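Here the structure is laid out as structure tokens; the discussion comes afterwards.
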């Protein structure tokens, strides 16, 4: 039996409703029951959000050794179901992560990163556009969500693994091989794309 995750600090927070002792205990037991061979769980947070009678959202964030953060969320009509679905998502992500680690040790024929073709335009390109295109009113941008993150130095394979472990749409990192800022994202066909900046 695994003992590495014993006495993990677990915090359960509820928004928009008072939490019952049974729900807090259920969430705590489910998180404590997660046994990962790798990475070791240092701290866990569960955020349970209830709005009305139909929207029960459970988000679980695991802070693990080696600076690995695993997060998942689910939304159903029952909080117990939401917690179960979120735990299942975390387990699937960790199985995928372990499989990827094992595959990294075996040589691969081709890379999983697709590079985009670079296009260059002359400086007066926008001046040649029709007037109705130039004069079209652009919508004012606004922030939906603002978040500060530290720029980590990673290899592209590590960035892809981090993308798989979270629900983030992309990962921005300092490329350890080429010493440039890179962005990796998941494409609709399941492959990954990467752009280098600078």
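Computed from the coordinates by the stated procedures, all read-outs in this text should not be read as laboratory data. Note that the structure is a prediction, hence the values are computed from the model and not measured. Quick reminder, even Gly has a Cβ in these numbers, built from the backbone with ideal geometry, and neighbours come from all protein chains shown.
What nm value, rounded to one decimal, do you get for the distance between residue 24 and residue 69 when each label is placed 7 Å out toward the C-beta?
It is 2.6 nm.
Could you please tell me the mean projected area of the C-alpha convex hull for segment 36-84, averaged over all directions and given in square nanometres to one decimal?
3.4 nm²
Which whole-angstrom value gives the distance between the alpha carbon centres of segment 33-95 and segment 157-198?
23 Å
Looking at the P(r) of segment 9-104, how many percent of alpha-carbon pairs lie beyond 20 Å?
35 percent
What is the extension gain from residue 15 to residue 53, computed as 0.36 nm multiplied by their sequence separation minus the C-alpha to C-alpha distance, in nm to one decimal?
Extra length from residue 15 to residue 53 when fully extended: 12.3 nm.
Which of 82, 150, 73 has the fewest other C-beta atoms within 10 Å, and how do the rest follow up to the most?
150, 73, 82
Find the relative contact order for segment 150-198 and round it to a whole percent, using C-alpha pairs within less than 8 Å whose residues are 6+ positions apart. Don't skip to the answer; put the middle values down first.
Numbers: 74 pairs, mean separation 14.8, N = 49.
Reported relative contact order: 30 percent.
Over segment 150-198, consider all pairs of different Cα atoms and compute the Kirkwood hydrodynamic radius from their mean reciprocal separation; express it in Å, one decimal.
10.7 Å
What nm value, rounded to one decimal, do you get for the distance between residue 35 and residue 95 when each label is placed 7 Å out toward the C-beta?
Modelled inter-label distance: 1.6 nm.
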